[in-house]
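A.B. asks: Shown below is the structure under consideration.
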Amino acid sequence: MPSTHQDSTILTRRTGLTLLAPTFAFIGLFLLFPFVWVVAISFTDRTLLGAAAADPQFIGLDNFRQLFDFDSWMRSGEFGRSLVLTVYFVIASLIGQVFLGLGIALAFHRRKGFLRETIFTLVTLAWILPEAAIAFTWTSFLDPNGTLNTALGAVGLTRPDWLLDAPMASIVMFNVWRGTAFSMLLFSAALGNVRPSYLETADVLGANAWQRFRDVLLPMIKAQLATALILVTLWTFNVFTPFLLTQGGPAFQTDIMAIHTYRIAFRYFEFGQGSAIAVIVMLINFVLAGVYLFALKRGEGAR
Amino acid sequence: MNARMAKWFGALAVLSFAAAPVFAQGSLSVICRCVEGGVNAEMVQWLKDDVFPAFEAHKAEQGETVTLELVEFGGSDEALQQQYALDLSVGTGPDVLAFDGFWTPDFVEAGYIQPLDQVAGDVVWAWDGWDHISEGLRELIGFQGEVYGLGTGTDVRMIFYRKDLLEEAGLEVPWQPESWEELLADARQVRDALDIAPLQLNAGTAMGEATTMQGWFMALLGTGVHMYDFDEGVWIGEHPGILQALELYDTVYNEEGLGDERMQLVSQGRDQSFGSFRDGETAMLVEGDWFWRSVMAPGSEWEPAAGRDEVVGWAKMPAVEPGAGYAGHDFVSISGGTGFALNPNTADGELAWELLSFMFSYDMQMAYQEIQPRIRIRDDVPVTGDPEMSRMAEELLAVSTVRPQLPAYARISEAAQRMTERVVSGEMSPQEAMEAYADTLESIVGADNVVRAD
């Protein structure tokens with residue numbers, strides 16, 4: 001489809017494609033090929049150890065059938081249970097991160113000073129510190145005789161054995177701590193774009209804090225709220241770091257999807273089964289990403 | 001990137017360094033789950049202080065320069081197995097691998113390891129050491145009649161107890177329960193007198209094979225049944241014995257608070273059980289002789305402050321009642337074996353075998369006995385310097401049995417760990433847990449190879 005434009009471009013179509021070729025090659029090699037490979041393996045009984053490692057067989061949909069074997073899939077350590085746990089984990093983390101992030105952003109909206117800088121720095125630090133290091137910190141924080149319980153004991157509260165009695169709550173707490181920064185920064189930036197005159201008008205009209213939030217701020221940050229909800233869901237769904245705290249235990253109570261997949265594929269070396277799980281996870285991620293893109297498009301359209 | 005991955009990359013970096021092209025006359029690397037001053041520190045000491053210098057000198061006499069390197073792996077047994085599987089599947093890894101015998105079938109079937117004589121040639125059978133290794137012990141790192149490595153030795157399992165705590169609770173020392181009933185009654189007495197959860201019988205997936213060997217088998221064998229029916233060649237999925245063993249767990253951890261379930265469920269639980277025993281919060285711990293000779297070795301991290309030989313005793317694990325144990329025994333034990341295998345990807349198989357056989361020469365094995373007395377593979381190497389260790393060998397090898405050396409074992413072992421976990425955590429009743437176990441077995445080996453109740 002020749003156009004007058006093309007003649008005036010610096011590069012011919014061919015040169016452009018040539019220059020893009022390495023990119024396509026890399027995408028193909030590191031994204032498309034593994035993708036196709038995982039899908040292919042999910043139809044085999046391939047393992048890393050044992051006879052199926054030397055001679056994997058095509059077994060059709062058996063791996064998927066086993067995942068969705070409704071007699072046993074809700075038992076501890078099985079796929080269905082893991083899905084349910086992941087949903088708990090995602091929803092609880094989402095509520096925690098978004099509310100806390102929004103709360104901090106609102107509390108320091110149009111304020112400056114030492115306290116704001118300190119809090120923002122600390123929350124952001126939690127987000128960017130290396131995972132191996134924070135895992136150690138959190139393990140001792142949650143220990144029966146750790147920092148958290150010492151603090152609780154000092155004010156006369158009970159001292160639960162967090163990782164044994166409330167493992168899911170522990171990893172949610174951890175994940176909220178870890179991820180709140182994203183929502184906080186996003187909302188803080190969004191609130192910064194709200195014109196002061198809007199808020200002043202609201203003040204003149206005698207709006208209280210809640211009305212100000214509901215009628216002025218919330219509409220202005222709706223797009224960011226949707227972004228935060230979907231992105232945090234997507235990330236939390238795939239997050240692996242809680243493994244460093246609980247390794248999916250005790251008794252598989254924190255066997256969330258990423259940990260489940262890791263365990264099947266790399267502890268039991270069931271590559272076929274593990275790939276089948278990965279394929280399902282990919283489908284779920286596609287849906288989530290689709291929702292995100294759709295929301296983004298709609299947000300743009302509305303603007 | 002998580003901590004474990006970071007560790008692998010570190011290990012990989014070391015390994016690739018170790019496996020670098022051989023420019024000198026010869027160079028070999030050995031890997032073990034051993035760390036200087038840490039886990040299996042005795043093995044490091046033996047290899048670095050005894051074997052390596054002696055072998056290098058020995059080769060120097062023949063006019064050859066050999067450089068040896070030890071790769072100290074600090075992760076868990078499971079992580080090491082994972083490391084090997086990944087290394088061997090892409091044709092790399094150190095030349096001599098510390099190896100757990102029960103890994104053999106899986107690695108052989110995957111085509112990752114090869115019999116000694118295929119790696120090194122017929123020179124293997126010319127070794128004079130074979131005269132001192134019985135047929136049975138050659139199978140420690142073997143599968144279907146082929147030998148893939150040499151076993152460091154075999155082991156036995158028992159109940160370790162704290163003499164001081166038992167005496168304090170009014171029990172007689174030396175202590176030896178004759179039945180489960182007696183074991184539980186004595187545990188209750190300690191619990192009530194000292195207000196501790198005195199008994200630990202390993203459970204759960206977090207402890208890995210330690211649960212199967214030190215926990216599940218020790219309970220199951222006491223009921224007279226094994227995981228596998230060796231005559232019929234089938235796995236036992238449902239059996240009154242399985243139920244009885246699970247009920248023992250239920251009694252200990254749920255009904256009577258005789259054991260602390262925390263250690264069975266959290267990661268690092270096994271180390272916690274060591275610490276708890278050292279600190280006098282656990283009075284009876286079912287463990288292997290490794291716990292005695294390595295974990296609690298005099299001067300080590302886990303030795304009780306008052307000294308291992310002073311306050312630690314051991315008792316044989318009783319069957320439900322005298323005579324009710326596996327093969328009609330009064331007491332039960334299970335034996336495994338670890339050792340060293342050769343990496344078929346080694347640049348010089350003959351040299352690797354030379355080192356391996358040198359490690360298992362009489363002189364080197366005697367040197368190892370001085371560092372850590374235990375049951376060795378060679379019949380001309382006695383247990384020296386540790387009368388307790390000698391007594392364990394004498395009294396327990398006779399009643400001990402072994403795991404089925406079959407490729408499905410590793411996965412079935414994991415299913416058994418999960419079964420104990422489901423009972424200890426209270427998720428399932430013993431009956432439900434057993435049924436779930438039998439279902440898992442069927443999905444692993446097929447319904448034809450599993451015995452169910454009816």
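A.B. asks: Just to be sure before I move on: is residue A:282 closer than 21 Å to residue B:265 by Cα, touching a helix residue (DSSP H, G or I) at 6+ places or on another chain (Cβ under 9 Å) and modelled with pLDDT of 90 or more in the structure I sent?
C.D. replies: No.
A.B. asks: Read through the list (1) within 23 Å of residue B:210 (Cβ to Cβ); (2) within 14 Å of another protein chain (Cβ to nearest Cβ); (3) modelled with pLDDT of 90 or more, then give the number of the only condition that residue B:439 fails.
C.D. replies: With (1) within 23 Å of residue B:210 (Cβ to Cβ); (2) within 14 Å of another protein chain (Cβ to nearest Cβ); (3) modelled with pLDDT of 90 or more applied to residue B:439, the lone miss is (1).
Here's the yes/no breakdown for (1) out of contact with any Gly (no Cβ under 6 Å at 6 or more places or on another chain); (2) charged (D, E, K, R):
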| site | (1), (2) |
| --- | --- |
| B:239 | yes, no |
| B:252 | no, no |
| B:256 | yes, yes |
| B:271 | yes, yes |
| B:275 | yes, no |
| B:282 | yes, no |
| B:302 | yes, no |
| B:318 | yes, no |
| B:321 | yes, yes |
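A.B. asks: Here is a list of conditions, (1) in contact (Cβ under 8 Å) with a residue 24 or more places away in the chain; (2) surrounded by fewer than 24 Cβ atoms within 10 Å (Cβ to Cβ); (3) under 16 Å from residue A:48 (Cα atoms), and residue B:127 meets all of them except one; can you say which number that is?
C.D. replies: (3)
A.B. asks: Please identify the pairs in which a residue from the range A:238-249 that is facing another protein chain (nearest Cβ under 7 Å) has its Cβ atom under 8 Å from the Cβ atom of a residue that is of a type in the set (Asp, Glu) and assigned to a loop (DSSP other than H, G, I, E, B), counting only partners at least 6 apart or on another chain.
C.D. replies: A:249/A:255
A.B. asks: Oh, and also: Every residue in the range A:67-105 that is surrounded by fewer than 16 Cβ atoms within 10 Å (Cβ to Cβ) and over 30 Å from residue B:426 (Cβ atoms), please.
C.D. replies: Residues satisfying the conditions are A:99, A:103.
A.B. asks: Could you please give the count of residues in the range B:352-398 that are over 19 Å from the mean Cα position of the chain (by Cα) and hydroxyl-bearing (Ser, Thr, Tyr)?
C.D. replies: The qualifying residues number 4.
A.B. asks: Could you figure out which of (1) under 22 Å from residue A:256 (Cα atoms); (2) in a loop (DSSP other than H, G, I, E, B); (3) more than 14 Å from chain B (Cβ to nearest Cβ); (4) not charged (D, E, K, R) isn't true of residue A:86?
C.D. replies: Status for residue A:86: all satisfied but (2).
A.B. asks: Another one. Just a yes or no: is a residue in the range A:48-57 in contact (Cβ under 8 Å) with a residue 24 or more places away in the chain, under 25 Å from the mean Cα position of the chain (by Cα) and either in a helix (DSSP H, G or I) or closer than 25 Å to residue A:235 by Cα (or both)?
C.D. replies: No; the residues of the range A:48-57 include none that is in contact (Cβ under 8 Å) with a residue 24 or more places away in the chain, under 25 Å from the mean Cα position of the chain (by Cα) and either in a helix (DSSP H, G or I) or closer than 25 Å to residue A:235 by Cα (or both).
A.B. asks: Report those helices (runs of 4 or more DSSP H) wholly inside the range B:262-379 carrying at least 2 residues which are within 14 Å of another protein chain (Cβ to nearest Cβ).
C.D. replies: Qualifying helices (runs of 4 or more DSSP H): B:262-265, B:269-278.
A.B. asks: Residue A:58 passes all but one of (1) away from chain B (no Cβ under 14 Å); (2) touching a Leu at 6+ places or on another chain (Cβ under 8 Å); which number fails?
C.D. replies: Going through the list (1) away from chain B (no Cβ under 14 Å); (2) touching a Leu at 6+ places or on another chain (Cβ under 8 Å), residue A:58 breaks only (2).
A.B. asks: Which of the helices (runs of 4 or more DSSP H) found entirely inside the range B:109-206 contain at least 3 residues meeting this: in contact with a Gly (Cβ under 8 Å, 6 or more places away or on another chain)?
C.D. replies: So the answer is B:116-120, B:163-168, B:180-194.
A.B. asks: Would a scan of the range B:436-444 turn up a residue that is among the small types (Gly, Ala, Ser), closer than 22 Å to residue A:76 by Cα, free of Cβ contacts under 8 Å to residues at least 40 places away in the same chain and assigned to a helix (DSSP H, G or I)?
C.D. replies: Within the range B:436-444 (the criterion being among the small types (Gly, Ala, Ser), closer than 22 Å to residue A:76 by Cα, free of Cβ contacts under 8 Å to residues at least 40 places away in the same chain and assigned to a helix (DSSP H, G or I)), the answer is yes, since at least one residue qualifies.
A.B. asks: If we scan the range B:381-389, do we find a residue that is more than 14 Å from chain A (Cβ to nearest Cβ) and under 28 Å from residue B:122 (Cβ atoms)?
C.D. replies: yes
A.B. asks: Given the conditions (1) modelled with pLDDT under 95; (2) over 20 Å from the mean Cα position of the chain (by Cα); (3) surrounded by 19 or more Cβ atoms within 10 Å (Cβ to Cβ), and given that residue B:62 satisfies all but one, which numbered condition is not satisfied?
C.D. replies: Checking residue B:62 against (1) modelled with pLDDT under 95; (2) over 20 Å from the mean Cα position of the chain (by Cα); (3) surrounded by 19 or more Cβ atoms within 10 Å (Cβ to Cβ), the one that fails is (3).
A.B. asks: A further question on this structure: Can you pull out the residues in the range B:308-331 that are within 18 Å of residue B:243 (Cα to Cα) and in contact with a strand residue (DSSP E or B) (Cβ under 8 Å, 6 or more places away or on another chain)?
C.D. replies: Once the filter is applied, which keeps residues that are within 18 Å of residue B:243 (Cα to Cα) and in contact with a strand residue (DSSP E or B) (Cβ under 8 Å, 6 or more places away or on another chain), the range B:308-331 yields B:318, B:319, B:325, B:326.
A.B. asks: If you go through the range B:227-241 one residue at a time, do you hit one that is more than 14 Å from chain A (Cβ to nearest Cβ), in a helix (DSSP H, G or I) and within 20 Å of residue B:323 (Cα to Cα)?
C.D. replies: Yes, the range B:227-241 has at least one match.
A.B. asks: Inside the range A:128-175, counting only helices (runs of 4 or more DSSP H) that do not spill past its ends, which hold 1 or more residues that are within 11 Å of chain B (Cβ to nearest Cβ), among the hydroxyl-bearing types (Ser, Thr, Tyr) and closer than 17 Å to residue A:247 by Cβ?
C.D. replies: A:131-142
A.B. asks: Just to be sure before I move on: is residue B:145 under 21 Å from the mean Cα position of the chain (by Cα) and either over 20 Å from residue B:28 (Cα atoms) or within 14 Å of another protein chain (Cβ to nearest Cβ) (or both) in the structure I sent?
C.D. replies: no
A.B. asks: Run down B:280, B:307, B:299 and say which single residue is closer than 30 Å to residue B:221 by Cβ, surrounded by fewer than 20 Cβ atoms within 10 Å (Cβ to Cβ), assigned by TED's automatic domain parsing to the domain that holds residue B:236 and at pLDDT below 95.
C.D. replies: Step by step, each of B:280, B:307, B:299 is checked, and only B:280 is closer than 30 Å to residue B:221 by Cβ, surrounded by fewer than 20 Cβ atoms within 10 Å (Cβ to Cβ), assigned by TED's automatic domain parsing to the domain that holds residue B:236 and at pLDDT below 95.
A.B. asks: Among the residues that make up the range A:43-54, is at least one of them touching a Gly at 6+ places or on another chain (Cβ under 6 Å), surrounded by 19 or more Cβ atoms within 10 Å (Cβ to Cβ) and within 14 Å of chain B (Cβ to nearest Cβ)?
C.D. replies: Checking the range A:43-54: at least one residue is touching a Gly at 6+ places or on another chain (Cβ under 6 Å), surrounded by 19 or more Cβ atoms within 10 Å (Cβ to Cβ) and within 14 Å of chain B (Cβ to nearest Cβ).
One line per residue, one yes/no per condition, for (1) buried (at least 22 other Cβ atoms within 10 Å of the Cβ); (2) aromatic (Phe, Trp, Tyr):
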residue	(1), (2)
B:168	no, no
B:182	no, no
B:189	no, no
B:194	no, no
B:204	yes, no
B:216	yes, yes
B:226	no, no
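A.B. asks: Please go through the range B:142-182 and give me each residue that is within 14 Å of residue B:360 (Cα to Cα) and aliphatic (A, V, I, L, M), ordered by number.
C.D. replies: Within the range B:142-182, B:150 is the sole residue that qualifies.
A.B. asks: On to the next question. Somewhere in the range A:95-108, is a residue of a type in the set (A, V, I, L, M), more than 14 Å from chain B (Cβ to nearest Cβ) and farther than 28 Å from residue A:196 by Cβ?
C.D. replies: There is at least one residue in the range A:95-108 that is of a type in the set (A, V, I, L, M), more than 14 Å from chain B (Cβ to nearest Cβ) and farther than 28 Å from residue A:196 by Cβ.
A.B. asks: Sticking with this structure for a sec: Tell me the residue from B:209, B:168, B:178 that is more than 14 Å from chain A (Cβ to nearest Cβ) and either under 21 Å from residue B:304 (Cα atoms) or out of contact with any strand residue (DSSP E or B) (no Cβ under 6 Å at 6 or more places or on another chain) (or both), please.
C.D. replies: Residue meeting the stated conditions: B:168.
A.B. asks: Related question: Being within 14 Å of chain A (Cβ to nearest Cβ) and of a type in the set (S, T, N, Q) is the requirement here; does residue B:118 meet it?
C.D. replies: Taking the combined requirement at face value, the residue does not satisfy it.
A.B. asks: Now, a different point. So residue A:223 passes all but one of these: (1) in a loop (DSSP other than H, G, I, E, B); (2) more than 10 Å from every other protein chain (Cβ to nearest Cβ). Which condition number does it fail?
C.D. replies: With (1) in a loop (DSSP other than H, G, I, E, B); (2) more than 10 Å from every other protein chain (Cβ to nearest Cβ) applied to residue A:223, the lone miss is (1).
A.B. asks: Would you mind telling me which numbered condition in (1) surrounded by fewer than 16 Cβ atoms within 10 Å (Cβ to Cβ); (2) within 14 Å of chain A (Cβ to nearest Cβ); (3) part of a loop (DSSP other than H, G, I, E, B) residue B:407 fails?
C.D. replies: All conditions are met except number (1).
The values are calculated or read from the model by the stated rules, or taken from the named source; none is laboratory data. Please read these numbers as outputs of a predicted model, since none were measured by experiment. Please note: Cβ atoms are built from the backbone with ideal geometry, for glycine as well, and neighbour counts cover all protein chains shown.
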